[in-house]
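> Below you'll find the structure I mean.
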Amino acid sequence: MNIQTISLDKLNPATYNPRDDLQPGDPEYEKLRCSIETFGYVEPIVWNERTGNMVGGH
């Protein structure tokens with residue numbers, strides 16, 4: 001496993017990801033924000049370096 005810190009502009013959400021596009025103010029968005037602020041982000045984002053697509057952790 002190769003863990004890196006990269007800038008957000010290198011990440012592309014995968015078009016095949018079925019999740020909703022949550023926005024600030026949405027109840028589910030606010031729950032996630034609160035959870036991350038309380039516990040931190042405990043699961044890293046999986047990123048395909050060749051394509052720039054996120055493949056996990058959306």
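The values are calculated or read from the model by the stated rules, or taken from the named source; none is laboratory data. Nothing here was measured: the structure is a model prediction, and the numbers come from that model. In this analysis, Cβ positions are derived from the backbone assuming ideal geometry, glycine residues included, and neighbour counts consider all displayed protein chains.
> Which residues, taken from segment 1-40, are surrounded by 10 or more Cβ atoms within 10 Å (Cβ to Cβ), over 16 Å from Val55 (Cα atoms) and either of a type in the set (S, T, N, Q) or at pLDDT below 80 (or both)?
Answer for segment 1-40, where residues must be surrounded by 10 or more Cβ atoms within 10 Å (Cβ to Cβ), over 16 Å from Val55 (Cα atoms) and either of a type in the set (S, T, N, Q) or at pLDDT below 80 (or both): just Ser35.
> Moving to a separate point now. Within the set of pairs 6+ apart or on separate chains, which have a first residue in segment 34-45 that is farther than 15 Å from Ile3 by Cβ and of a type in the set (Phe, Trp, Tyr), a second that is modelled with pLDDT of 80 or more and surrounded by 10 or more Cβ atoms within 10 Å (Cβ to Cβ), and C-beta atoms under 6 Å apart?
none
> Let me ask something else about it. Does Val55 meet the test of being under 23 Å from Ile6 (Cβ atoms) and in a strand (DSSP E or B)?
Yes; evaluated as a whole, the condition is true for this residue.
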